[in-house]
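See structure below.
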Amino acid sequence: IALYFAKENVRNIGRFFTIVSVFLIILVLLVSNAYKEADVRYLFPIGHSGIQNILLASKEGSISMLGFEAILILAPFVKAKSTMTLKMVMLSNCIVTILYVYIIIACYMFFSPDEILIVPEPVLYILKATQNSVIERIDLVFITFWIISVITSLIMYVYISSVGMQEIFKKKTHRPFVPIVLIFVTGLSIYFSRTDNLVAALSQATNYLIYVFIFCIPICLLILSWIRKGTVKNEV
């Protein structure tokens, strides 16, 4: 699927992403069943760990918010003013944040404080506990939709990597590089999925690398753009 879509242009990829986004509505409806048996007392006391511990722990969830850095690559393809593009990016980030908060609160109110510590996949367990006269295993239906939603991240990162290789090697199209990127990604997936320790090592490395890609590199690019902008003005 990633090979099929990543070789296309941004417009076609965007159309597929728009269709897939409808599945988020289904996710919201499925998780809403958890609020019927929720106990709001499980959320209290709020903030008892202290602001410092909350901020330090927030880095654990930062990997779930990845994706917005793609705008650094996709912005030149957008036929709109930079202010409008920025507004749409901010709106998208807000929607994703609200969706995550909605799901997290559902999990914390459905499971007790002791249960949430031992449940590996809270959302799946919520859906598995949900009774329905039409569908017996709602969690399996959810996984089907969720796989389609998750594949969008793979498609986008493969596309971005291919475009980067296109620029490096000065080629007219990114298509020849898509299979190369996918072979590399598949090889890494097979290698790191052999044991849980390797998966944990990859996750740990990713947690450190995300700060490079979402903080260090954008800040360096911003500083470079200021320098180049000042240089152009002086030349004029």
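The values are calculated or read from the model by the stated rules, or taken from the named source; none is laboratory data. Predicted model, so just to flag it, every value in this text is computed and none were measured. Glycine also receives a Cβ, built like all others from the backbone with ideal geometry; neighbour counts cover every protein chain displayed. Only protein heavy atoms, including side chains, enter the accessible area calculation; ligands, DNA and RNA are left aside. Shrake-Rupley method; radii C 1.70, N 1.55, O 1.52, S 1.80 Å.
General observations
- Residue that is without any contact (Cβ under 8 Å) to a residue 12 or more places away in the chain and not in a helix (DSSP H, G or I), where the choices are Ile104, Ile118: Ile118
- Residues that are within 22 Å of the chain's Cα centre (by Cα) and open to solvent by less than 70 Å² (accessible area, probe 1.4 Å), drawn from segment 189-202: Ser189, Phe192, Leu198, Val199, Ala200, Ala201
- In the condition set (1) without any contact (Cβ under 8 Å) to a residue 24 or more places away in the chain; (2) of a type outside the set (Val, Ile, Thr); (3) not in a helix (DSSP H, G or I), Ser112 is compliant with all but (1).
- Scanning segment 30-83 for residues that are under 30 Å from Ala6 (Cα atoms), at pLDDT 80 or above, loosely packed, with under 11 Cβ neighbours inside 10 Å and not hydroxyl-bearing (Ser, Thr, Tyr) returns Pro76, Lys79, Lys81.
- Yes/no for Ile227 being part of a helix (DSSP H, G or I), more than 19 Å from the chain's Cα centre (by Cα) and either of a type in the set (Val, Ile, Thr) or farther than 26 Å from Ala6 by Cβ (or both): yes
- Within segment 152-175, residues that are touching a residue at least 40 places away in the same chain (Cβ under 8 Å) sit with their Cβ atoms under 7 Å from residues that are open to solvent by 30 Å² or more (accessible area, probe 1.4 Å) and among the aromatic types (Phe, Trp, Tyr), at 6+ positions apart or across chains, in these pairs: Thr152/Phe17; Ile155/Phe5.
- Some residue of segment 13-25 being open to solvent by less than 50 Å² (accessible area, probe 1.4 Å), in contact with a Leu (Cβ under 7 Å, 6 or more places away or on another chain), within 30 Å of Ala80 (Cβ to Cβ) and among the small types (Gly, Ala, Ser): no
- Tallying residues that are of a type in the set (Ser, Thr, Tyr) and touching a Phe, Trp or Tyr at 6+ places or on another chain (Cβ under 7 Å) within segment 129-158 yields 2.
- Leu86 passes every criterion in (1) of a type in the set (A, V, I, L, M, F, W, C); (2) open to solvent by 70 Å² or more (accessible area, probe 1.4 Å); (3) closer than 27 Å to Phe145 by Cα apart from (3).
- Meets criteria (open to solvent by less than 30 Å² (accessible area, probe 1.4 Å), aliphatic (A, V, I, L, M) and farther than 18 Å from Phe23 by Cα) for Val119: yes
- Being within 20 Å of Ala2 (Cβ to Cβ), of a type in the set (A, V, I, L, M, F, W, C) and modelled with pLDDT under 85 is a condition met by at least one residue of segment 181-193.
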